[in-house]
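Following: one structure in structure tokens, then a few remarks.
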Ligand code: SAM
């Protein structure tokens, strides 16, 4: 039996609680009652659970679950998507789809060809991007919610120290494909996740590489940005001869990585 999955905001050894709009929806729309069964994600672990208490009080609503038994959880893809900020509606679609495909984190960056008004509005918008990731993680029955970083300048992200293998999707690149680059990393990896830990691999316990994959804005990367990536050890790769929209490039990139790692 497949139970609806909820992502808890608070938890301890025995119980987990969802609050606010999610709890209100569960209590008022889905008429949650003590004894009702569900799956609950608490701290990256998944549990089968039973509703223990329901408090319907608008924004202060709460639903508390008793954790019954731990279930197998599927690790995220060890990928941080470095997404140049562009038209919000299409960028948010990309965040939703990347979450469904298992991305571990999304790092929005302000690139030279990010439109000025979007660059100024991005910081305020990031709370909405986190909500979109939370909703999509719940809908995709993930056992975690991808982290959505605050938007920063591209150069800061490119120069930052990182344990990950860093890849830039470059529409002008002709020789190396993303598939080649991922195969190379897998064959040489000794261990690592998107933020430097270890995780389970395709072949059971073999650790997976940690990847950062950068995707440009509508106008593409500016020449000085391409040099900056190169100077900081990012590997330029192609997704093929056709120019894809940024959100399509995000989906294709994650599908290619998943096809190698999962
Ligand atoms: N304005 C650019 C042009 O016309 O050449 C297209 C930019 S594209 C809409 C946005 C981003 O998606 C690019 O900066 C790149 O990161 C990625 N991308 C799109 N198609 C790609 C391809 N075939 N290979 C590698 N990256 C690609």
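With each label modelled as a point 7 angstrom along the Cα→C-beta vector, the residue 45-residue 9 pair spans 2.2 nm.
Distance between the pseudo-spin-label points of residue 53 and residue 156 (7 Å out from Cα toward the beta carbon): 4.1 nm.
Panel note: the C-alpha atoms of the range 48-185, placed on their principal axes, show extents of 57, 39, 26 Å (largest first).
When Rg and the Kirkwood Rh are both derived from Cα coordinates, the Rg/Rh ratio for the chain amounts to 1.02. Round to the nearest 10 and give me the degree value, 0 to 90, for the angle of helix 88-100's Cα axis relative to the longest principal axis of the chain. Here the helix axis deviates by roughly 70 degrees.
Using Cα pairs closer than 8 Å and at least 6 residues apart in sequence, work out the relative contact order for the range 13-60, in percent. Averaging sequence separation for qualifying contacts and normalising by length gives 42 percent for the range 13-60.
Within the listed set 104, 246, 163, the Gaussian network model of the chain (springs between alpha-carbon atoms below 10 Å) gives the highest mean-square fluctuation for 163. Once the chain from residue 180 to residue 33 is taken as fully extended at 0.36 nm per residue, the excess over their C-alpha distance is 47.7 nm. Extension gain, residue 115-residue 140: 0.36 nm per intervening residue step, less the Cα-Cα distance, totals 5.9 nm.
Once both axes come from the Cα atoms, what is the angle between helix 178-188 and the longest principal axis of the chain, in degrees from 0 to 90, rounded to 10? Roughly 80 degrees between the two axes. Once the chain from residue 123 to residue 21 is taken as fully extended at 0.36 nm per residue, the excess over their C-alpha distance is 34.5 nm. Against the main long axis of the alpha-carbon atoms of the chain, helix 246-261 sits at an angle near 80°. Springs between Cα atoms under 10 Å define the GNM used for the chain, and in it the highest mean-square fluctuation of 23, 170, 53 occurs at 53.
Laboratory data are not the source of any read-out in this text; all were calculated from the coordinates shown. Owing to the predicted nature of the structure, the values given are computational and were not obtained by experimental measurement. Cβ coordinates were reconstructed from backbone atoms using ideal geometry, including for glycine residues, and neighbour counts include every protein chain displayed.
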